[in-house]
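Peer 1: Quick one: the structure is below, and I'll ask about it shortly.
The values are calculated or read from the model by the stated rules, or taken from the named source; none is laboratory data. On a predicted model such as this, the values are computed, not experimentally measured, just so you know. So basically every Cβ, Gly included, is an ideal-geometry build from the backbone, and we count neighbours across all protein chains shown.
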Amino acid sequence: MSERVQRALAVFERSLDRRLLTALEVCARCGICAESCHVFAAEPDFRHAPAAKAEAVRRFYRRLHDPIGRWFPWWVGAKDLTEADLEELAEIAFGACTLCRRCTMNCPMGVDTALIMRAARAMLTAAGKAPEMLMQLADAAIAREENLEFFREFYINQIRDLERELQEQTGDPDARIPVEKAGAEILYVALSGAHTILPAAILFHAVGANWTLSMFEAANYGYFLADIQRARAIAQRIVNEARRLGVKEIILAECGHAYTVLRWEAPNWFEDFPFRVRSIIEAAAEWIQQGRLPLDPSANPEPVTYHDSCNLGRNGGLLEEPRIILRAVVQDFREMTPNRAENFCCGGGAGLVAVPEWYEKRMRAGRRKVEQIRQTGARVVVASCDNCRLQLGDLSEYYGLGVRVSGLMDLVVNAYLAAHRRHVPAPVAPVRVPAGEPF
Amino acid sequence: MSTTALWGWIVLIALGLGIGGLGWRLYGLLARPYRPDRAPPRGPAWRGVVYAFTWGMMPWAKESTRRHLLPYLRGVLFHLGIFATLATLAISPWRLSLPASIAPAGLVLTGIGAAGGLIGIMMRIFDERLRALSHPDDYAAVALVTVWQAAGMAFWADPRWTGAFYALSALTLIAIPLTKIRHCLYFFFSRFFFGLFYGRRAVLG
């Protein structure tokens with residue numbers, strides 16, 4: 001047994017808790033999960049069926065933990081894990097499964113295939129078989145935190161440029177994008193790039209929120225690697241920042257896996273949070289329901305459809321909030337079929353969009369999503385996850401869909417600014433909070 | 001001691017072995033760490049768990065069963081037959097003193113179960129996808145349970161099949177913890193974790 005295999009198995013054994021063991025044991029191999037998987041739906045090769053993917057883990061699990069697997073391995077398809085198996089497992093766990101759990105929803109047993117694939121990813125990362133790009137992105141994020149002073153000035157200068165744009169958009173020369181503001185109530189964690197900072201800044205300004213922008217980005221490639229140490233290190237900097245600034249809540253940019261990490265996973269890695277964690281989708285829906293945002297839906301006249309991102313929707317619970325927002329900010333909203341918890345994955349999740357050599361693979365995996373979009377006749381596809389937006393944009397180009405891909409907050413800002421410029425008052429006037437000392 | 005009584009004792013020993021084997025499996029599962037989810041829930045977990053065991057099992061609840069209603073019904077009838085055959089085993093010592101209506105009902109239920117099992121075997125043999133997923137244990141497990149149900153049907157048709165029914169019952173009971181049939185234990189945990197996960201996220205339930 002090679003050292004790589006030993007490392008992989010050591011991680012597997014540490015992962016083997018009750019939930020994982022149940023998922024490994026309960027499969028009846030009925031095959032009904034197959035058609036629920038977007039990868040299988042696009043390419044009906046039995047190896048793409050979730051049960052077949054999970055079998056790549058089950059066969060060595062049985063070899064190690066099932067008496068029949070130890071004495072009569074051929075009877076139950078058990079085998080020893082080898083280096084060649086690790087290669088195959090990497091293609092499956094990282095390249096053929098986006099951890100979307102659509103199969104789990106459709107399984108009579110409720111087999112958590114995503115949990116099995118995550119265990120496989122953890123093994124592969126430990127064995128050095130994870131995609132290089134994901135490793136580099138995770139390590140770059142950790143390095144940034146370790147060299148924060150080096151990046152700080154550059155980051156703040158970029159924020160100053162955005163601030164000027166904020167002032168121009170809102171018509172308020174005092175509008176600010178605060179950074180490291182002690183006493184702020186909200187710590188907003190954006191993604192890399194202005195596209196998730198400016199829209200949020202406009203909305204925070206609109207509702208008079210007492211907020212500050214995080215020095216860090218919400219993306220967590222350690223999570224894609226299923227490397228808890230890396231994922232924890234990346235999340236820790238945000239948690240520490242929130243504690244240090246004494247905020248009451250963290251609001252996350254539109255990002256699926258970032259929401260999963262900080263909302264659902266991180267509370268299991270750290271001491272109890274003295275703040276709550278929400279997505280900006282939840283916050284925006286709340287503001288709209290509270291009447292704090294004047295909105296003009298004629299600013300978004302094109303037919304719009306909504307892609308329920310797996311991490312936010314099916315596995316995060318944010319199924320109605322996006323619809324509350326869309327009904328308020330667009331004129332023609334059209335549901336995909338299926339939608340909500342039954343929606344199909346875009347095919348680019350769990351890090352696939354970040355791995356260049358898997359472009360063709362994810363284009364094939366996105367076929368079912370393309371059909372869904374086409375059926376709506378929409379001109380705009382809204383997705384609240386950055387990875388989904390990248391994938392949907394690539395799918396539109398690849399299949400000639402001719403749709404524009406938009407974030408949800410972009411449409412909210414369109415509707416808000418249209419109303420704001422027409423001096424339409426908000427049903428509830430904002431209470432302006434000082435932005436704090438300029439940095 | 002008569003042959004039937006001897007078989008009866010063998011079945012009881014097999015039952016002990018089967019329960020012991022399942023108990024060992026359960027012990028192995030409970031010995032594993034359980035990491036409760038400490039993230040603040042969006043919804044009550046209990047609702048998800050209740051859903052997972054009730055409405056979540058209905059054919060309209062899942063796209064897979066909506067699209068494949070006949071296989072769903074086959075599975076339901078197969079498992080109904082299993083329960084009917086277990087009940088047959090339990091009441092078999094008193095067969096001759098049971099009300100006359102029990103035998104036809106037992107015959108029909110075990111027979112339907114056996115038919116469901118036979119269709120399942122055929123599907124596994126002739127469906128390329130299922131064949132690719134299957135190991136010898138998969139074929140053997142469903143074949144054993146099907147034949148056992150057929151023996152239950154035969155038992156109701158003619159008491160002379162009692163020996164064969166008990167023999168197959170003993171074999172099936174011993175096989176439970178050793179074969180795929182043991183998913184009957186893990187099923188409850190799987191649905192519980194499923195309900196817990198989606199209940200806390202207010203997605204289901």
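Peer 1: Which helices (runs of 4 or more DSSP H) sit wholly inside segment A:226-295 and have at least 1 residues that are more than 25 Å from A:LEU203 (Cα to Cα)? Spell out how you get there, then give the answer.
Peer 2: Values: elements: A:228-245, A:256-259, A:280-289.
Fully inside segment A:226-295 and qualifying: A:228-245.
Peer 1: Take the conditions at pLDDT 95 or above, under 18 Å from the mean Cα position of the chain (by Cα), within 12 Å of chain A (Cβ to nearest Cβ) and over 27 Å from A:PHE344 (Cβ atoms) and apply them to B:PHE78. Does it pass? I'd like the intermediate steps shown before the answer.
Peer 2: On the way: at pLDDT 95 or above: yes; under 18 Å from the mean Cα position of the chain (by Cα): yes; within 12 Å of chain A (Cβ to nearest Cβ): yes; over 27 Å from A:PHE344 (Cβ atoms): yes.
Here the answer is yes, as B:PHE78 does meet what is asked.
Peer 1: Could you give me the residue pairs with C-beta distances under 9 Å whose first residue belongs to segment B:119-138 and is free of Cβ contacts under 8 Å to residues at least 40 places away in the same chain, whose second residue is of a type in the set (Ser, Thr, Tyr) and surrounded by fewer than 18 Cβ atoms within 10 Å (Cβ to Cβ) wherever it lies, and which are 6+ apart or on separate chains?
Peer 2: Within 9 Å, the pairs are B:ILE121/B:TYR139; B:ARG124/B:TYR139; B:ILE125/B:TYR139.
Peer 1: Those residues that are within 17 Å of A:ALA52 (Cα to Cα) and crowded, with 18+ Cβ neighbours inside 10 Å, I need them from segment B:105-151; list them, please.
Peer 2: B:ARG124, B:ARG129, B:LEU130, B:LEU133, B:SER134, B:HIS135, B:ASP137, B:ASP138
Peer 1: Can you pull out the residues in segment B:179-195 that are buried (at least 23 other Cβ atoms within 10 Å of the Cβ) and more than 7 Å from every other protein chain (Cβ to nearest Cβ)?
Peer 2: The answer is B:GLY195, and nothing else.
Peer 1: Test of understanding: among A:PRO297, A:PRO274, which residue is in contact (Cβ under 8 Å) with a residue 24 or more places away in the chain, away from chain B (no Cβ under 14 Å), of a type outside the set (A, V, I, L, M, F, W, C) and at negative phi?
Peer 2: Numbers: A:PRO274 fails: away from chain B (no Cβ under 14 Å).
Only one candidate qualifies: A:PRO297.
Peer 1: Say we look at segment B:20-45 and pick out the residues that are touching a Leu at 6+ places or on another chain (Cβ under 8 Å) and touching a residue at least 40 places away in the same chain (Cβ under 8 Å); which of these is nearest to A:GLU249 (Cα to Cα)? So that I can check it myself, show each step before the final result.
Peer 2: To start, the set of residues in segment B:20-45 that are touching a Leu at 6+ places or on another chain (Cβ under 8 Å) comprises B:21-22, B:25-26, B:28-29, B:32, B:37, B:45.
Right, trim to touching a residue at least 40 places away in the same chain (Cβ under 8 Å) and you get B:21-22, B:25-26, B:29, B:37, B:45.
Details: B:GLY21: 50, B:LEU22: 47, B:ARG25: 44, B:LEU26: 42, B:LEU29: 38, B:ASP37: 20, B:ALA45: 23 Å.
Restricting to residues being touching a Leu at 6+ places or on another chain (Cβ under 8 Å) and touching a residue at least 40 places away in the same chain (Cβ under 8 Å), the top hit is B:ASP37.
Peer 1: Only helices (runs of 4 or more DSSP H) wholly contained in segment A:1-120 count here; list those with 3 or more residues that are within 30 Å of A:HIS307 (Cβ to Cβ).
Peer 2: Values: elements: A:3-15, A:18-26, A:38-42, A:50-65, A:67-71, A:73-76, A:83-95, A:102-106.
Hits in segment A:1-120: A:18-26, A:38-42, A:50-65, A:83-95, A:102-106.
Peer 1: Within the bounds of segment A:331-344, is there any residue that is within 23 Å of A:LEU262 (Cβ to Cβ) and either more than 14 Å from chain B (Cβ to nearest Cβ) or among the β-branched types (Val, Ile, Thr) (or both)? Reasoning before the result, please.
Peer 2: If we filter segment A:331-344 for residues that are within 23 Å of A:LEU262 (Cβ to Cβ), which is where we start, we get A:340-341, A:343.
Retained after the next criterion (residues that are either more than 14 Å from chain B (Cβ to nearest Cβ) or among the β-branched types (Val, Ile, Thr) (or both)): none.
Looking through segment A:331-344, none of the residues is within 23 Å of A:LEU262 (Cβ to Cβ) and either more than 14 Å from chain B (Cβ to nearest Cβ) or among the β-branched types (Val, Ile, Thr) (or both).
Peer 1: Please pick out the residue among A:GLY402, A:GLY348 that is outside any helix (DSSP H, G or I), among the small types (Gly, Ala, Ser), more than 14 Å from every other protein chain (Cβ to nearest Cβ) and in contact (Cβ under 8 Å) with a residue 24 or more places away in the chain.
Peer 2: Details: A:GLY402 fails: in contact (Cβ under 8 Å) with a residue 24 or more places away in the chain.
Sole residue among the options that is outside any helix (DSSP H, G or I), among the small types (Gly, Ala, Ser), more than 14 Å from every other protein chain (Cβ to nearest Cβ) and in contact (Cβ under 8 Å) with a residue 24 or more places away in the chain: A:GLY348.
Peer 1: Please work out which one of (1) over 30 Å from A:ASP272 (Cβ atoms); (2) within 8 Å of chain A (Cβ to nearest Cβ); (3) over 17 Å from the mean Cα position of the chain (by Cα); (4) of a type in the set (A, V, I, L, M) is the condition B:ALA39 fails and give its number.
Peer 2: Evaluating B:ALA39 over (1) over 30 Å from A:ASP272 (Cβ atoms); (2) within 8 Å of chain A (Cβ to nearest Cβ); (3) over 17 Å from the mean Cα position of the chain (by Cα); (4) of a type in the set (A, V, I, L, M) leaves (1) as the failure.
Peer 1: Please find, within segment B:168-178, the residue that is nearest to the other protein chains (Cβ to nearest Cβ) out of those that are of a type outside the set (Val, Ile, Thr) and either over 20 Å from the mean Cα position of the chain (by Cα) or in a helix (DSSP H, G or I) (or both).
Peer 2: Step one: list which residues in segment B:168-178 are of a type outside the set (Val, Ile, Thr), which gives B:168-171, B:173, B:175, B:177-178.
Imposing the further condition that a residue be either over 20 Å from the mean Cα position of the chain (by Cα) or in a helix (DSSP H, G or I) (or both) reduces the set to B:168-171, B:173, B:175.
Numbers: B:LEU168: 20, B:SER169: 21, B:ALA170: 19, B:LEU171: 15, B:LEU173: 16, B:ALA175: 10 Å.
Going through the qualifying residues, I end up with B:ALA175.
Peer 1: Do we have any residue at all in segment B:19-27 that's part of a helix (DSSP H, G or I), in contact with a Pro (Cβ under 7 Å, 6 or more places away or on another chain), at pLDDT below 95 and surrounded by 13 or more Cβ atoms within 10 Å (Cβ to Cβ)?
Peer 2: no
Peer 1: Looking only at segment A:141-168, which residues are farther than 30 Å from A:LEU9 by Cβ and crowded, with 19+ Cβ neighbours inside 10 Å?
Peer 2: Correct list: A:ILE159, A:GLU163, A:LEU166.
Peer 1: Among A:ALA138, A:ALA93, A:ALA120, A:ALA78, which is touching a Gly at 6+ places or on another chain (Cβ under 6 Å) and surrounded by 24 or more Cβ atoms within 10 Å (Cβ to Cβ)?
Peer 2: Numbers: A:ALA93 fails: touching a Gly at 6+ places or on another chain (Cβ under 6 Å); A:ALA120 fails: touching a Gly at 6+ places or on another chain (Cβ under 6 Å); A:ALA78 fails: surrounded by 24 or more Cβ atoms within 10 Å (Cβ to Cβ).
Answer to the check: A:ALA138.
Peer 1: Sticking with this one: Given the criteria part of a loop (DSSP other than H, G, I, E, B) and within 10 Å of chain A (Cβ to nearest Cβ), does B:ALA52 qualify? Reasoning before the result, please.
Peer 2: Numbers: part of a loop (DSSP other than H, G, I, E, B): no; within 10 Å of chain A (Cβ to nearest Cβ): yes.
When the stated conditions are applied, B:ALA52 does not pass them.
Peer 1: Could you tell me which numbered condition A:ALA10 fails, if it satisfies all but one of (1) over 25 Å from the mean Cα position of the chain (by Cα); (2) more than 24 Å from B:LEU185 (Cβ to Cβ); (3) modelled with pLDDT under 95?
Peer 2: (3)
Peer 1: What are the residues in segment A:96-108 that are over 19 Å from A:LEU225 (Cβ atoms) and buried (at least 23 other Cβ atoms within 10 Å of the Cβ), if any?
Peer 2: In the first step, residues of segment A:96-108 are kept if they are over 19 Å from A:LEU225 (Cβ atoms); the result is A:102-108.
Once the filter is applied, which keeps residues that are over 19 Å from A:LEU225 (Cβ atoms) and buried (at least 23 other Cβ atoms within 10 Å of the Cβ), segment A:96-108 yields A:ARG102, A:CYS103, A:THR104, A:MET105, A:ASN106, A:CYS107.
Peer 1: Does A:ARG389 satisfy being under 27 Å from A:THR170 (Cα atoms), out of contact with any Lys or Arg (no Cβ under 7 Å at 6 or more places or on another chain) and modelled with pLDDT of 95 or more?
Peer 2: On the way: under 27 Å from A:THR170 (Cα atoms): yes; out of contact with any Lys or Arg (no Cβ under 7 Å at 6 or more places or on another chain): yes; modelled with pLDDT of 95 or more: yes.
It is true that A:ARG389 is under 27 Å from A:THR170 (Cα atoms), out of contact with any Lys or Arg (no Cβ under 7 Å at 6 or more places or on another chain) and modelled with pLDDT of 95 or more.
Results for (1) within 20 Å of B:PHE78 (Cβ to Cβ); (2) more than 13 Å from chain A (Cβ to nearest Cβ), shown as yes or no for each residue.
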{"residue": "B:ARG124", "(1), (2)": "yes, no"}
{"residue": "B:ARG131", "(1), (2)": "yes, no"}
{"residue": "B:VAL145", "(1), (2)": "yes, no"}
{"residue": "B:ALA150", "(1), (2)": "yes, yes"}
{"residue": "B:ASP158", "(1), (2)": "no, yes"}
{"residue": "B:TYR166", "(1), (2)": "no, yes"}
{"residue": "B:PHE197", "(1), (2)": "no, no"}
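Peer 1: Then there is this: All but one of (1) of a type in the set (A, V, I, L, M); (2) within 14 Å of another protein chain (Cβ to nearest Cβ); (3) more than 27 Å from the chain's Cα centre (by Cα) hold for A:ALA175; which doesn't?
Peer 2: Only one criterion in (1) of a type in the set (A, V, I, L, M); (2) within 14 Å of another protein chain (Cβ to nearest Cβ); (3) more than 27 Å from the chain's Cα centre (by Cα) is unmet by A:ALA175, namely (2).
Peer 1: Go through segment A:300-321 and report how many residues are crowded, with 19+ Cβ neighbours inside 10 Å, more than 14 Å from chain B (Cβ to nearest Cβ) and not hydrophobic (A, V, I, L, M, F, W, C).
Peer 2: So the answer is 4.
Each row is one residue, and each column tells you yes or no for (1) modelled with pLDDT of 95 or more; (2) surrounded by fewer than 16 Cβ atoms within 10 Å (Cβ to Cβ); (3) over 23 Å from B:ILE181 (Cβ atoms).
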residue	(1), (2), (3)
B:PRO40	yes, yes, yes
B:TRP46	yes, yes, yes
B:VAL49	yes, no, yes
B:TRP55	yes, yes, yes
B:HIS68	no, no, no
B:PRO71	no, no, no
B:ALA84	yes, no, no
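Peer 1: In segment A:345-360, which residue that is under 14 Å from A:CYS37 (Cβ atoms) and not hydrophobic (A, V, I, L, M, F, W, C) is nearest to the chain's Cα centre (by Cα)?
Peer 2: A:GLY349
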